[in-house]
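Here the structure comes first, spelled out in structure tokens, and everything after it is commentary.
The values are calculated or read from the model by the stated rules, or taken from the named source; none is laboratory data. Because the structure is a prediction, the values reported are computed rather than measured. Methodologically, a virtual Cβ is constructed for each residue, glycine included, from the backbone with ideal geometry; neighbour enumeration extends over all protein chains shown. For the accessible areas, the whole protein counts, side chains as well, though only heavy atoms, and no ligand, DNA or RNA atoms are used. Shrake-Rupley method; radii C 1.70, N 1.55, O 1.52, S 1.80 Å.
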Amino acid sequence: MKYIIAIIKPHKLEEVKKALEGADVNLMTVSNVVGQGRQKGRTEIYRGAKESSGLLKKVKLEIGVNEEFVEQTIEAITKAAYTGEIGDGKIFVLDLQDVVRVGTGERGGKAIN
Ligand SMILES: Nc1ncnc2c1ncn2[C@@H]1O[C@H](COP(=O)(O)OP(=O)(O)OP(=O)(O)O)[C@@H](O)[C@H]1O
Ligand SMILES: [Mg+2]
């Protein structure tokens, strides 16, 4: 199992969510975050709302998936989040050790979906 963390432009959220659902990836956590990439927020100033600290508003998606869904998840996010401008985001793929569904006590692959 993998835990996929994607940082995207806020205005791309609905498109990315639709693309994920189209790839049969329906379970996700979404947060509003601020961040900076290699431009340190500077050259995106006219494209995104800027916080006083210099950080730009972004949306973070967190998605736990079975191995067979990893590539289609990455592909869906990459295609839907792309604008061609700087700051389109980044996807981090982490090994996911275990999942526990609180309501049933199920673990791992039984709990992830
Ligand atoms: N190495 C990193 N660690 C943690 N968060 C990161 C890292 N790189 C990027 N991010 C997050 O991703 C967001 C978007 O990054 P961004 O797309 O600007 O990456 P970049 O490397 O600067 O590429 P680009 O040149 O296309 O802008 C950042 O605002 C930050 O929240
Ligand atoms: Mg950047």
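Just a few scattered comments:
- Close pairs from the stretch 80-98: first in contact (Cβ under 8 Å) with a residue 24 or more places away in the chain, partner open to solvent by 70 Å² or more (accessible area, probe 1.4 Å) and in a helix (DSSP H, G or I), Cβ under 8 Å, at least 6 apart: ALA80/GLU15; ALA80/LYS18; ALA81/GLU15; ILE86/THR43; ILE91/THR78
- Taking the criterion of being closer than 17 Å to ILE112 by Cβ and not hydrophobic (A, V, I, L, M, F, W, C), the residues of the stretch 49-93 that qualify are GLU62, GLY64, ASN66, GLU67, GLU68, GLU71, GLN72, THR73.
- As for the stretch 45-66, it holds at least one residue that is among the hydrophobic types (A, V, I, L, M, F, W, C), over 13 Å from LYS9 (Cα atoms) and modelled with pLDDT of 95 or more.
- Segments classed as strands (runs of 3 or more DSSP E), wholly inside the stretch 26-113, with at least 2 members that are open to solvent by 80 Å² or more (accessible area, probe 1.4 Å) and closer than 20 Å to VAL16 by Cα: 90-95
- Against the list (1) out of contact with any Pro (no Cβ under 8 Å at 6 or more places or on another chain); (2) more than 24 Å from GLY109 (Cα to Cα); (3) more than 16 Å from ligand 2 (Cβ to nearest atom), the condition THR78 fails is (3).
- Every residue from the stretch 3-24 that is within 16 Å of ligand 1 (Cβ to nearest atom) and free of Cβ contacts under 8 Å to residues at least 24 places away in the same chain: HIS11
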